[in-house]
Amino acid sequence: MSTAWRTGDGDQDSSSGWQEVFASADAICPWTVRRYRGEDDVDLFYETIAREDVRFLQSKNLKLVPTVFPGFSVSRTFPHHVEIIFKLPVT
């Protein structure tokens with residue numbers, strides 16, 4: 001599901017009816033892969049989108065399931081491929 005599932009912005013289909021579908025679920029799992037380029041982006045996402053998503057879900061007694069994407073490498077399959085997935089450094 002789109003990161004903008006609640007607002008219908010960006011890559012979310014804003015057609016009527018989706019809010020009813022979301023409300024019928026037990027949990028929402030927005031796709032956040034490649035939405036962040038660093039820790040500042042994570043903070044910005046929380047402040048501008050996720051905080052209101054959580055409030056909305058709580059008001060509907062629904063759960064938020066965060067997307068966890070550790071990354072991947074295609075170097076074994078395509079040895080000459082250039083990695084384009086940004087990876088946060090491990091600290």
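The values are calculated or read from the model by the stated rules, or taken from the named source; none is laboratory data. Quick caveat: nothing in here was measured; it's all calculated off a predicted structure.
If the condition is being within 17 Å of Pro66 (Cα to Cα) and either at pLDDT below 85 or in a loop (DSSP other than H, G, I, E, B) (or both), then region 24-36 contributes Ala25, Asp26, Cys29, Pro30, Trp31, Thr32, Val33, Arg34, Arg35, Tyr36.
From the list Glu20, Glu52, the lone residue that is closer than 12 Å to Trp5 by Cα and either modelled with pLDDT under 90 or assigned to a loop (DSSP other than H, G, I, E, B) (or both) is Glu20.
Just one of (1) at pLDDT below 85; (2) of a type in the set (Phe, Trp, Tyr); (3) assigned to a helix (DSSP H, G or I) fails for Phe45. It is (1).
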